[in-house]
Amino acid sequence: MKNQYVGSLKQYIKKFSQDIKSYSDYYKFGFERFGPFLYGYTNWLYKKIVKSGCKKVFFFSRDGYMMKKAFDIYNSDNTIVSKYVYFSRKSIRQALLHKFSKYQDSLIYLTWERYITIGKLLEYYGFSKTECKNIAIENNLLLDEDLLFDDLKKNTKMENLFYKIKPYIDKNSIEQDLMLERYLNQVGMNGLCAIVDIGWHGSMQYFLEEYCSIKKIGVQFLGFYVGIKPNKHIVGTCDGYLYNKDNFKLRKDVLCFFGGYEKLFQSCEGSTYGYILQDDVIRPVFADYEYHDNLQFINYINEWQSGALKFVKIVCCNSIQLKNQKQWAYPLIKFGKNPSMKDIKLFNNFYNTDGTKVYYVSQKPLYKYRPRELVHALSNSVWKTGFMKSLFKIPFPYFYVYCLLKK
């Protein structure tokens, strides 16, 4: 019989944390910050899927890794069939790019941001890290050169480069088109399907819907995300745990630390680069994992994920109810919005890669930045409040500065 606990989330965390005092800071962070968030999201997700009447749910790599692990704990009686499937924005859009003959049209799947590097643009077109370097050398380009997104369609240098590399783009895209169609059939993605990913702009659902429409695959998607504000027209339904199209109140609270959320959920494997046919089975091809040569970072990730799952298991074994289901997310939201210097230290050398390497916090002191360089660094940061805190160090309402910059 389940134990009954009544009290605030803070009391629950304090009570259950008694047994982890000797654990590492990363494990404690996972248990006390990420764990409550993960449970709250899973509880919300399970109820939403049951209410929809859907009987199968697909968790997208890599961000769906921890979501599936927590869901399988919650869904212990297998009421809903869950699968972990290998998709990425790159793997799907690569299968679509060959249909565009003009440079301007080929940019349709890019997500807006103030600046985009040449490296990230080449990555968008499906080139590996090594291929990007070779293209840069052959064409005398700098991969970390920033391009103003709003001027991208008028950038003649990039347009000329596109037509030069287009034969490779098309060849690869056509091959991936055939593979992706077979993979969808292989994993049983048809009929009514719940799909789960971290969210933000809804690109994955949009790409899949467009691809399935072109291929006339009979599927209806119900998208469930941490937060969602589609920037493209989505045919199926989409909903977000913390924010959605009907309520954006917590959007900035989340997105100031969006890179952190992604890293917390992700598996320790490279992004799905594409697909290959092997032994008559479609298998994913992975890009290099950003931390493949850093066992220490992988251990840190494993620790916070173990701590988070431990919290989920404890709560699933006890009858704990909160009036507002979003309250489960507040410890992690607070961490992202108002980090201490101790919090900054946890992510000090972590980074994301999306064409180029982007660190969570500043890697050098303020006086070493040139003004334009500082603006670009802050703009590209995946943890805006953490970056500012690491740079200036003094107590300050950095989240409000972030909100002003986002207006």
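Averaging the sequence gap over all C-alpha pairs within less than 8 Å and six or more residues apart, then dividing by the number of residues, gives segment 248-294 a relative contact order of 29 percent. You can think of it this way: the chain between K99 and I394 has 101.0 nm of extra reach, that is 0.36 nm per residue less the Cα-Cα gap. Here each label is just a point 7 Å from Cα along the line to Cβ, and for N185 and I137 those points are 4.1 nm apart.
Measuring only protein heavy atoms, the 1.4 Å probe finds H201 accessible over about 60 Å². A 1.4 Å probe over all protein chains sorts F60, F16 by accessible area into F16, F60, starting with the largest.
A crude spin-label estimate for the pair N78 and V375, with each label 7 Å from Cα along the Cβ direction, gives 5.8 nm. Residues considered: Q305, Q327, Q176. Largest GNM mean-square fluctuation over the chain, using C-alpha springs under 10 Å, is found at Q327. Near the amide H of N244, within less than 5 Å, lie the amide hydrogens of I228, all on another chain or at least 5 residues away, with H placed in the peptide plane. Mind giving me the FRET efficiency for K215 and D25? R0 is 51 Å, r the Cβ-Cβ distance, nearest 0.05 is fine. Efficiency at R0 = 51 Å is approximately 0.60. Full extension of the chain between Q327 and R114 yields a length gain of 73.4 nm, computed as 0.36 nm times the residue separation minus the alpha carbon distance.
Helical runs (DSSP H, four residues minimum) scored at -39500 (n - 2.57) apiece and divided by the length of the chain put the mean residue ellipticity at 222 nm at -14000 deg cm²/dmol. Each residue of segment 18-31 was assigned a 3J(HN,Hα) from its phi angle through the Karplus curve 6.51 cos²θ - 1.76 cosθ + 1.60 (θ = phi - 60°); the sequence is 4, 8, 10, 4, 8, 7, 6, 4, 6, 5, 4, 4, x, 6 Hz, with glycine and proline shown as x.
As a calculated quantity, the FRET efficiency between L178 and N299 at R0 = 45 Å, using C-beta atoms, amounts to about 0.70. Calculate the FRET efficiency for K313 and Q278 from the Cβ-Cβ distance with a Förster distance of 60 Å, rounded to the nearest 0.05. About 0.95, to the nearest 0.05.
The values are calculated or read from the model by the stated rules, or taken from the named source; none is laboratory data. Note that the structure is predicted; figures quoted are calculated from it, not measured. Note that each Cβ is placed from the backbone with ideal geometry, even for glycine, and that neighbours are counted across all protein chains shown. To get the accessible areas, we keep the full protein, side chains included, count just its heavy atoms, and leave off ligands, DNA and RNA. Shrake-Rupley method; radii C 1.70, N 1.55, O 1.52, S 1.80 Å.
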